[in-house]
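Chemist: Can you read through this structure? Questions will come right after.
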Amino acid sequence: MGGVITQLWDAYCRARSRPEQPTQPAHIAARVISAARIQMRRDWLLVGSDIRLRAGVLSHWLRGRQPTMTAEAFQSRWCHEEVLCSRPAEVTEPPHMHWTAAHPVPLPR
């Protein structure tokens with residue numbers, strides 16, 4: 001949800017500061033989708049590994065963030081009826097992302 005609000009606020013601020021360059025709704029939608037896909041990838045990195053060991057920063061800097069995620073938790077968050085993405089068979093593979101800004105929008109399987 002934060003990605004949607006961030007992108008809407010960014011579009012609003014741009015429109016106020018540069019009214020001669022309007023932001024198209026398709027651009028906002030593409031940014032929302034991109035932000036969600038980035039978050040999906042970040043969450044997938046937590047599956048099968050501990051971010052505290054891979055981050056290269058002090059672990060107390062990561063307070064408030066879960067250091068790991070189960071594949072089931074990832075599936076519960078992102079893979080409902082495989083509309084946004086689907087979980088791969090192996091943790092070493094990236095998730096299969098279905099949500100896209102491509103036109104026409106592909107139907108879920």
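Read the figures in this text as sums done on the coordinates, not as results from a lab. Because the structure is a prediction, the values reported are computed rather than measured. Quick reminder, even Gly has a Cβ in these numbers, built from the backbone with ideal geometry, and neighbours come from all protein chains shown.
Chemist: Any idea how far apart R77 and I38 come out in nm if each label point goes 7 Å out from Cα toward Cβ?
Modeler: Reported label-point gap for R77 and I38 is 1.6 nm.
Chemist: Amide H of M69: which non-local residues (sequence gap of 5 or more, or other chain) have their own amide H closer than 5 Å, using H built in the peptide plane?
Modeler: Those qualifying (amide H under 5 Å, at least 5 residues apart or on another chain) are V47, G48, S49.
Chemist: Moving on. In what order do I28, I38 fall by count of nearby beta-carbon atoms within 10 Å, going from fewest to most?
Modeler: I38, I28
Chemist: Additional query: Modelling each spin label as a point 7 Å along the Cα-to-Cβ direction, I'd like the A15/E90 distance in nm, to one decimal.
Modeler: About 4.7 nm, to one decimal.
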